[in-house]
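The values are calculated or read from the model by the stated rules, or taken from the named source; none is laboratory data. Computed from a predicted model, the values in this text were never measured in an experiment. Please note: Cβ atoms are built from the backbone with ideal geometry, for glycine as well, and neighbour counts cover all protein chains shown. Ligands, DNA and RNA are stripped out before the accessible areas are found, and what is left, the full protein with its side chains, is counted by its heavy atoms. Shrake-Rupley method; radii C 1.70, N 1.55, O 1.52, S 1.80 Å.
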Amino acid sequence: MKPILVALLLSLLLFSSGCIQPEKAPVVEEKVATEGWKADGIVGNSEYSRSMVLQAPARQGYTGGEMEISWKNDEQFLFLALNGSTEGWLAIGFEPLEWMKNSDIILASVQGGKATVLDEYCTGNYGPHIEDTMLGGTNDITEFGGSKGAGRTVIELKRKLDTGDKFDKAFSPGQAISIIWALSNNPEISFKHNVAYGEGIMTLSSGQTMASAAAVATLTWREKDGLIFIWEEEKAARDLYASLYEKNNLSIFLDLVRSEQSHMDQAKAVIEKYGLSLPEDKPGIFQNQTIQEIHDELLAEGLQSDQDALKVAATFEEISIMDLEKELAATQAEDIRIAYQGLLAGSRKHLRSYVSDLKDQGIQYDPHYLDRGEFEEIVRVG
């Protein structure tokens, strides 16, 4: 297999050292939603078509926790349930530009048996996020309800996929949506989150069904090779960022090591479904020789300085985007496409983060592999 790849990276500090602990990757469960939707704070067994549990470990200032997200959609509306391990507030943000910036945020809590759900927008990397109505927008949560007890809070809500409000992200069926989430142990929304936070990918239904057993049997060698290659590419990102973090201690690499481990696990879940064998997961060792040869050169370049580290990481994300787009075009298997779309959304977000960090240091990053128009579309402030 000859990928577009012309750069991939690595050398791992690694998880066995105990310095970086990977978060458990979410598994998206799917079922036919046979129950009618109701905003009552009770998630029915068949009320939603997709769900996943997002987890975050205890870390400095955070006790650790989880949030189960359940959703379904039609051509017009998104129906969403958030079930968090707290009796305080919980929040989800859609399509952040970088960290929290420009994210479409829903923040909710339940007090005295009454749910409060706010339609907000974040204007900075770490806040503030304020209600859309205070920015000149509109409140577009059309229905909501909630409940809490036994250490958990549940919120259910409904909104249009495309509200027409410039402070809401517009969605479409089949879209892979980059999300962030957070939990606080205090129901007062003015208090900072202190239980857990993280990120994930939420893919909307497109009306197509997942691959059947017959489809599994007819997977082409091109598709099989593509799955293994993409897993190794995500591994390369994880290993590279871990090595760069060990060298320069930049927090962006610590956060994205966890993200890339999650991406690896998402690809692994599809690979295992098709009964394929993964290469051994050894730090800095790759089955694909193109990855192996290029990684040494780029890792050496990235270790020269903090700025070089960020440039190399941005270059890798460019390559990852191109390869994912190539693999998407080579498969019609819906489950593989969903996985690739999620990984693609993550790579675009990571590219924005690296380019933004370089800009903060007065350095303009110019694309090496992406078409200038596509690059500008990805990194522009939305």
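Here is a list: Tyr369, Tyr340, Tyr365. Which entry is surrounded by fewer than 23 Cβ atoms within 10 Å (Cβ to Cβ), touching an Asp or Glu at 6+ places or on another chain (Cβ under 6 Å), at negative phi and not small (Gly, Ala, Ser)?
Step by step, each of Tyr369, Tyr340, Tyr365 is checked, and only Tyr369 is surrounded by fewer than 23 Cβ atoms within 10 Å (Cβ to Cβ), touching an Asp or Glu at 6+ places or on another chain (Cβ under 6 Å), at negative phi and not small (Gly, Ala, Ser).
Mind telling me which of the residues Ser51, Ser70 ends up being at pLDDT below 95, surrounded by 17 or more Cβ atoms within 10 Å (Cβ to Cβ) and part of a strand (DSSP E or B)?
Answer to the check: Ser51.
Is there any pair linking a residue in the stretch 250-272 that is in contact (Cβ under 8 Å) with a residue 12 or more places away in the chain to one that is β-branched (Val, Ile, Thr), with Cβ under 8 Å and at least six apart or on different chains, and which?
Leu254/Ile20; Val257/Ile20; Arg258/Ile20; Gln266/Ile201; Ala267/Ile230; Ala269/Val27; Val270/Ile336; Ile271/Ile228
Hey, among Asp323, Asp308, which residue is without any contact (Cβ under 8 Å) to a residue 60 or more places away in the chain, open to solvent by less than 40 Å² (accessible area, probe 1.4 Å) and under 30 Å from Lys359 (Cβ atoms)?
Asp308
Assess whether Glu35 counts as being modelled with pLDDT of 95 or more and either open to solvent by 10 Å² or more (accessible area, probe 1.4 Å) or closer than 23 Å to Asp239 by Cβ (or both).
No; evaluated as a whole, the condition is false for this residue.
Being modelled with pLDDT under 95, under 30 Å from Tyr369 (Cβ atoms), open to solvent by 50 Å² or more (accessible area, probe 1.4 Å) and in a loop (DSSP other than H, G, I, E, B) is the requirement here; does Pro22 meet it?
yes
Can you spot a residue in the stretch 288-304 that is surrounded by fewer than 16 Cβ atoms within 10 Å (Cβ to Cβ), within 19 Å of Ser243 (Cβ to Cβ), out of contact with any Leu (no Cβ under 6 Å at 6 or more places or on another chain) and aliphatic (A, V, I, L, M)?
Yes, because at least one residue in the stretch 288-304 is surrounded by fewer than 16 Cβ atoms within 10 Å (Cβ to Cβ), within 19 Å of Ser243 (Cβ to Cβ), out of contact with any Leu (no Cβ under 6 Å at 6 or more places or on another chain) and aliphatic (A, V, I, L, M).
Among Tyr126, Tyr121, which is within 29 Å of Leu256 (Cβ to Cβ) and touching a strand residue (DSSP E or B) at 6+ places or on another chain (Cβ under 7 Å)?
Tyr121
If you go through the stretch 277-287, how many residues are open to solvent by 40 Å² or more (accessible area, probe 1.4 Å) and either under 22 Å from Leu219 (Cβ atoms) or assigned to a helix (DSSP H, G or I) (or both)?
3
Considering only residues that are within 23 Å of the chain's Cα centre (by Cα), under 19 Å from Phe79 (Cβ atoms) and not in a strand (DSSP E or B), which ones fall in the stretch 138-190?
Leu161, Asp162, Thr163, Asp168, Lys169, Ala170, Phe171, Ser172, Pro173, Gly174, Gln175
Can you tell me which residue among Glu272, Glu318 is closer than 23 Å to Ala345 by Cβ and either assigned to a loop (DSSP other than H, G, I, E, B) or open to solvent by less than 20 Å² (accessible area, probe 1.4 Å) (or both)?
Glu318 is the lone residue from the list that is closer than 23 Å to Ala345 by Cβ and either assigned to a loop (DSSP other than H, G, I, E, B) or open to solvent by less than 20 Å² (accessible area, probe 1.4 Å) (or both).
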